[in-house]
Protein chains: 2
Amino acid sequence: MECREFQTQEHKKEMRAVQDSMDVLNGKWKIPVISSICYYNKRRFSDILNDVVGISNKMLSKELKELEINKLIKRTVLDTQPVTVQYELTEHGKTLQTIISNLTDWGIKHRKEIIGK
Amino acid sequence: MECREFQTQEHKKEMRAVQDSMDVLNGKWKIPVISSICYYNKRRFSDILNDVVGISNKMLSKELKELEINKLIKRTVLDTQPVTVQYELTEHGKTLQTIISNLTDWGIKHRKEIIGK
DNA sequence: CCGTATCCCCGGGGATACTG
DNA sequence: CAGTATCCCCGGGGATACGG
């Protein structure tokens, strides 16, 4: 792929678009949280808390809220006693899987590149 | 794409791989810096400083160092007076372009999704 | 169980000045 | 020009306790 396929005008718009994506994915926990929900399809708060090693409840709460605002996940309160809450990916959230897949592949390649072939 | 194509064992390895990628790309400035270098092919310190709006010299220095450690960019000191330094993407750095392209596309889609269709 | 509230600490990162 | 050094502030985020 050629760097120079960019046009000057386009370039700034593209940079902004990439940053938009990064804003959504940024932070230590976003990807692991998404990954946990995705893997189990539907997942409860306390289960994600266990899946994602090291995250605090405050952080998990915050991350989930942001992901919900960005319409990547859907939050459902189940009328049990005591209350349980399920999270799942939205259709839009599922479109992230291609990206996550790319990042996975690249991460593996990168690790080989750095540690040495 | 199916979430459930993951196997339990594989899942953790994949999560780690994604995190490896995110670590490399994380931070407010990594993508803009890469984007600047890529766009101009070769680029000097002070030029990048101008391209990436808002970055401080301390941060730029730090980000460039990290990118170099990760073998994404190549640093070349030119024997001019005064010294100038050029940065360019390595072959490995160029493999990021697919990812950046994906992130760009997704960012545009995402913006439409959030702001409303 | 699912969070929110409070306290508190540490380091990311800006502004500025200085060096080779 | 291309950084490094120093100072300093603010808020991200952990630990803990509490509320619905």
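Residues of the range B:49-70 that lose at least 20 Å² of accessible area (1.4 Å probe, protein heavy atoms only) when the other protein chains are present, relative to their chain alone, are B:ASN70.
Here the Karplus curve 6.51 cos²θ - 1.76 cosθ + 1.60, taken at θ = phi - 60°, turns the phi angles of the range A:71-86 into couplings of 6, 8, 10, 10, 9, 10, 8, 8, 7, 9, 10, x, 4, 10, 10, 10 Hz, with x standing for Gly and Pro. Interface size, chains A and B: roughly 4900 Å² of accessible area buried, both sides included, 1.4 Å probe, rounded to the nearest 100. Taking the axis that rotates chain B onto chain A, the chain B residue nearest to it by Cβ, with the distance rounded to whole Å, is B:ASN102, 3. Rounded to the nearest 10 square angstrom, A:HIS11 shows an accessible area of 20 square angstrom against a 1.4 Å probe.
Could you please state how large a percent of the accessible area of the range B:2-115 is carbon and sulfur, counting protein chains only and using a 1.4 Å probe?
Values: 3260 of 6440 Å².
Carbon and sulfur: 51 percent of the exposed surface of the range B:2-115.
Would you mind working out the accessible area per residue for the range A:2-115, using a 1.4 Å probe, and quoting it in Å²? If you can, show how the numbers build up before the last one.
Details: 6430 Å² over 114 residues.
For the range A:2-115, the per-residue accessible area is 56 Å².
With its label point defined 7 Å out from Cα along the Cα-to-Cβ axis, A:GLU10 lies at 3.4 nm from the matching points of the other copies, in increasing order. Here the contact order of chain B, divided by its residue count and restricted to Cα pairs under 8 Å and six or more residues apart, works out to 20 percent.
Estimated purely from DSSP H runs of n ≥ 4, each contributing -39500 (n - 2.57), the mean residue ellipticity at 222 nm for chain B is -19500 deg cm²/dmol once divided by its residues. Annotation: peptides B:98-110, B:79-91, ranked by per-residue average of other Cβ atoms within 10 Å with the highest first, follow the order B:98-110, B:79-91.
Can you classify chain B as rounded, prolate or oblate using the Cα gyration tensor, where a ≥ b ≥ c are the square roots of its eigenvalues, rounded means a/c under 1.5, and otherwise it's prolate if a/b beats b/c and oblate if not?
Working: a/c = 2.63, a/b = 1.70, b/c = 1.55.
Since a/c reaches 1.5 and a/b is larger than b/c, the shape of chain B is classed as prolate.
Count, for each residue of B:20-33, the Cβ atoms from other chains sitting within 10 Å of its Cβ, then give me the mean as a whole number. Don't jump to the answer; show the numbers that get you there.
Details: counts 9, 12, 11, 3, 5, 6, 5, 2, 4, 0, 1, 5, 5, 0.
Across the residues of B:20-33, the mean count of other-chain Cβ atoms within 10 Å is 5.
Tell me which of A:GLN9, A:SER56, A:HIS110 sits at the most positive position along the dipole axis of the range A:2-115, charges placed on C-beta atoms (Lys, Arg +1; Asp, Glu -1). Value computed over the given set: A:SER56.
The values are calculated or read from the model by the stated rules, or taken from the named source; none is laboratory data. Everything numeric here is computed off the predicted structure, so don't read it as measured data. In this analysis, Cβ positions are derived from the backbone assuming ideal geometry, glycine residues included, and neighbour counts consider all displayed protein chains. The area values use the complete protein model at the heavy-atom level, side chains included, leaving out ligands, DNA and RNA. Shrake-Rupley method; radii C 1.70, N 1.55, O 1.52, S 1.80 Å.
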